[in-house]
Each structure stands twice: as structure tokens, then as C-alpha cells.
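These notes are about the structure you will find just below.
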Amino acid sequence: MHQINDFHMGLFSLKGKNAVVTGGNSGLGQAFSTALAKGGANVLVVSIVDDGGETQKLVEDCGVQYRFIKADITADGECKKVIDECVNTWGSIDILVNCAGMSINIEDVTKFTRKEWDKMVSLNLTAAFEMTHEACKYMIKQNSGKVINIGSLYTFLGGQWSPAYAATKHGIAGLAKAMCDELAQWNIQVNTIAPGYFATKLTEKTRSDEKRNKEILAHIPANRWGDLYDLMGACVFLASDASNYVNSHVLTVDGGFLMR
């Protein structure tokens with residue numbers, strides 16, 4: 001049992017930890033990778049796209065080690081290979097961020113087919129389960145670990161034009177709760193970050209649409225789109241020992257969007 005005098009800022013440090021981030025070299029994933037590195041963790045990124053060394057520089061400039069694996073984590077056996085690579089390289093897997101995801105929007109719901117559904121469920125939800133399943137085998141043995149799933153506002157809302165996206169983002173939070181129920185006894189915390197509207201390459205078109213941009217901003221009490229910077233502290237907190245009694249939580253980082 002700890003006393004309040006035992007608390008210290010070093011609890012937020014990730015020094016000596018080893019992290020895997022899926023989809024960690026672009027957009028939100030790159031921000032999470034950089035945040036973990038700034039906290040002191042070595043970072044292994046897995047993605048189907050090589051960014052040409054941009055994320056590697058961001059990570060290594062923090063004085064930690066970086067590895068990249070080009071892989072499709074929806075393929076059989078790939079999740080195991082990624083987690084094994086982290087453990088074989090650095091000796092442990094302490095942090096897993098399930099960030100890889102996609103969205104396919106089709107305006108007519110009657111034309112949203114099983115093909116689009118299966119593709120999105122496979123990456124957004126099944127791959128997150130398999131990555132967690134493989135990581136927790138090691139985390140149980142070491143009696144510690146952090147799993148952070150990445151949801152969205154559609155963890156709470158309906159998904160106009162993309163029923164699969166909304167379903168998977170509801171599911172990713174449910175997965176965190178289910179895994180928490182199993183893994184908390186081994187000091188493994190499983191939580192979800194639900195980002196709101198963020199200024200990234202993927203949202204450039206929406207932000208450049210004056211009418212749509214105005215509608216979104218009117219729904220955000222902070223009256224601005226999120227910067228990737230705004231997500232980094234949440235990631236470090238949930239990856240650190242400062243959150244050791246936080247489990248199955250969905251942490252919204254949305255400027256207050258859901259409050260309106």
C-alpha cells in the first residue's frame with residue numbers, strides 16, 4: 001500500500017520501457033510514437049507504409065531506440081511476429097498502442113457491402129485483439145503492462161456513411177473493457193483514448209470546406225480543431241505508472257465536443 005508521500009513525478013517516466021505502436025508513423029500514430037519516445041520508451045512501429053525515416057528521426061532525437069516493421073497485421077501470424085520482435089530485440093513488451101485503423105465512407109448505406117465491412121473490422125478491431133492477445137502473453141509473465149486502444153468520437157456516436165467504422169470504434173472500447181476484466185489481476189491496464197476532431201492530413205478536405213468547418217467548430221467548446229500535441233500527454237499518462245489504477249477507461253480528448 002502506497003502513501004501520498006510516495007507520489008513523485010518520476011511515475012510519469014517511461015524510461016526503460018519498450019513500446020509497440022501500430023500505424024505509428026503517420027497522423028495520430030506518429031504523435032503517440034513521439035510522445036512515448038519523449039517519455040523515455042524505445043518504440044517499435046508497425047505499418048504497411050514506410051514513411052522514409054521521418055518517424056525514426058522524431059523518435060531517435062529523443063535519445064531512445066526505434067525499429068520499424070513493414071507488415072499487414074490483418075494477415076495470419078503477423079501480430080505474433082511483431083510482438084516477438086519487440087521482446088527479442090529489447091527484452092520486454094511494456095506498452096502496446098493499437099492505433100492502426102481505417103474508414104471507408106459510402107453515402108448510401110444500402111451500398112455499404114460486406115466487403116467494406118470485413119476489411120474495416122479486420123484492421124480496426126480484430127487486429128487490435130490479436131496484438132493484445134500476443135502482447136499479454138509476455139505482460140502476464142512480467143506482471144505488468146499497458147494497452148492503449150484508440151477509439152474516436154464514434155465510440156459514442158452513430159456512424160453516418162460508415163456503419164463499420166462506428167461499430168469498430170464502439171467495439172474497440174468494449175474490447176478494452178473485456179481485456180481489463182481478464183488482465184487487471186496481473187497489473188495490466190487496458191484503456192482507450194477517444195480523439196475528437198484533429199488537424200491532420202486526413203481532415204484537410206473537411207477543414208477547407210468553409211461550411212463544414214464552421215459546423216464542426218460550432219460544436220467544439222474549445223472553438224478549435226485539436227493539434228496532435230494535445231493527444232501526447234494522454235498517451236504518456238496511460239502508458240506510465242501514474243495510471244496504474246486506471247483501467248477500462250475511455251479518455252476523450254475532444255475539446256469538449258461530446259458535451260454539446
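What to note about this one:
- Residues in the range 114-137 include at least one that is assigned to a helix (DSSP H, G or I) and closer than 19 Å to LEU14 by Cα.
- Strands (runs of 3 or more DSSP E) within the range 16-112 that include 2 or more residues open to solvent by 60 Å² or more (accessible area, probe 1.4 Å): 66-70
- Selection of the range 219-260 for residues being open to solvent by less than 70 Å² (accessible area, probe 1.4 Å), out of contact with any Lys or Arg (no Cβ under 6 Å at 6 or more places or on another chain) and farther than 30 Å from GLY145 by Cα yields ILE220, PRO221, ALA222, TRP225, PHE257.
- Flag if MET179 is at pLDDT 95 or above, hydrophobic (A, V, I, L, M, F, W, C), surrounded by 21 or more Cβ atoms within 10 Å (Cβ to Cβ) and out of contact with any Gly (no Cβ under 8 Å at 6 or more places or on another chain): yes
- Flag if ALA194 is over 16 Å from ASP254 (Cβ atoms) and either crowded, with 16+ Cβ neighbours inside 10 Å or modelled with pLDDT of 95 or more (or both): no
- All of (1) without any contact (Cβ under 8 Å) to a residue 12 or more places away in the chain; (2) not in a loop (DSSP other than H, G, I, E, B) hold for GLY158 with one exception: (2).
- Per-region count, the range 169-208, residues in contact (Cβ under 8 Å) with a residue 60 or more places away in the chain and not charged (D, E, K, R): 14
The values are calculated or read from the model by the stated rules, or taken from the named source; none is laboratory data. Everything numeric in this text was worked out from a predicted model, so none of it was measured. Every residue, glycine as well, gets a Cβ built from its backbone with ideal geometry; the counts of neighbours run over all protein chains shown. Heads up: the accessible areas ignore ligands, DNA and RNA and are worked out on the full protein's heavy atoms, side chains in. Shrake-Rupley method; radii C 1.70, N 1.55, O 1.52, S 1.80 Å.
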